[in-house]
Each structure stands twice: as C-alpha cells, then as structure tokens.
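This report concerns only the one structure given below.
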Ligand code: GUN
C-alpha cells in the first residue's frame, strides 16, 4: 500500500519497561475508556470492540489450497465465502496489555490512528521485515494511516506517550468483514526462525 511503501523504517530497540514487563493495571484514564466503551480483551493482546459490521453479505471470491488453507502458496481453487461487506473495530494497547501478537489476515486491513503512539512490525512471506512508528509526529516519520496487506504478518507494541496516558487507540477497517477463518496467529518460534533466521527471530520473539 502507498501508506507504507516509503514509510520511515524504525529500529526495534529501547522497548518501554511495560512492553518488557506488562503493568498490573491500565492507567486510570485508559481503564475509564475500557469500561465506558465496554472494550474486551483481544486474543492478540490489547482490548477491542467491534463497532460496526455491514449488514450486507457478499460472496467473497477466495483462493484456497487443496487442504482448504488460505496460505498464498500453491493455491489451487477459487471458492465463494459468505462475508459481511466490512467491519470496523476500535483496538487499544495499554501498559497492562502492550503487545498485539504476530498474526496475519487473509484480507488487507486499513488502520487509522485515533490517539497515542505505537510501533508496528510486519513480516512478509519472503522474510522481509518492515517496522514503523504510528503517531502524529509526521516530521519524525510517524504515520497515522497504514494499510497492512493480506497474508503479511503483523504485530504491534506500545510506545510511551504523554498525549494518551501511555496508550495506543486505533480504528481498523476490514473488507470483506472480519471472520475468524481469515485470521491466523504465527504458529510459534520455529516459523519465525524459518522466515527470518535465528538472529532476527531472537530479537522479535517478544512479539509471539
Ligand atoms: N473478533 C475477534 N477479533 C476480532 C477482530 O480483530 N475484528 C473483528 N471485527 N472482530 C473480532
């Protein structure tokens, strides 16, 4: 996507203390937001709420493999999957849940920053790693819109900030709409080593 093609690369170092060891509780202001909106714990880490799901349903043309998997390699046939046209969520990282774990989605996901600061780490099928900062400090290369391609692994972690009580609040739009069948966690460290080699994998292990 044009949103990240030439995005400033950011090193993955100087992790915040609460990224290394999560806090026991969210800061009061973030706890209030979680309670007011009724955000719930996400399986990836962080908190979320689906705020919209299109009532319209499409037959989404989808390439799958013989085994029925949706991994890009050796796709063999086209099936039509019933999917809502779109979904929209809020997604929140907090010091007590500061990491969105490495996973991929079949479809591209549009991310829009609402508040705070974070860092994204993408791993492409060829092993390329791209890491960038999300925030409103455009002069320093941060972005507030980013589209992650389908089939690309994604993880995120919190960056300390005063603007939003050490939180990161984003919106995510998926087309076709989110379905668990389209979601896959990285299977584990072995898969990461296969993609990146030992050294790089060791430095990104905290995102599994
Ligand atoms: N349910 C569980 N995870 C998700 C997600 O990431 N998006 C949506 N829309 N629903 C979910």
Could you check, for the range 118-130, whether at least one of its residues is under 11 Å from the mean Cα position of the chain (by Cα), more than 29 Å from residue 198 (Cα to Cα) and surrounded by 18 or more Cβ atoms within 10 Å (Cβ to Cβ)? no
Considering only residues that are loosely packed, with under 12 Cβ neighbours inside 10 Å and either in contact with a helix residue (DSSP H, G or I) (Cβ under 9 Å, 6 or more places away or on another chain) or touching a residue at least 24 places away in the same chain (Cβ under 8 Å) (or both), which ones fall in the range 10-27? 11, 13, 20, 24, 25
Can you pull out every residue in the range 107-126 that is in contact with a helix residue (DSSP H, G or I) (Cβ under 8 Å, 6 or more places away or on another chain) and either without any contact (Cβ under 8 Å) to a residue 12 or more places away in the chain or over 10 Å from residue 153 (Cα atoms) (or both)? 107
Across the range 75-122, which residue is farthest from the ligand (Cβ to nearest atom) among those that are in a strand (DSSP E or B) and modelled with pLDDT under 95? 77
Kindly indicate whether any position in the range 143-161 is in contact with a strand residue (DSSP E or B) (Cβ under 8 Å, 6 or more places away or on another chain), without any contact (Cβ under 8 Å) to a residue 60 or more places away in the chain, within 16 Å of the ligand (Cβ to nearest atom) and not in a strand (DSSP E or B). yes
Residue under question is residue 27, and the condition is that it be on the phi < 0 side of the Ramachandran plot, at pLDDT below 95 and more than 16 Å from the ligand (Cβ to nearest atom); does it hold? no
Against the condition closer than 24 Å to residue 40 by Cα, more than 16 Å from the ligand (Cβ to nearest atom), buried (at least 18 other Cβ atoms within 10 Å of the Cβ) and without any contact (Cβ under 8 Å) to a residue 60 or more places away in the chain, how does residue 167 come out, does it pass? no
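The values are calculated or read from the model by the stated rules, or taken from the named source; none is laboratory data. Predicted model only: the values in this text are computed from it and were never measured. Here the Cβ is made from the backbone with ideal geometry for all residues, glycine too, and neighbour counts use every protein chain on show.
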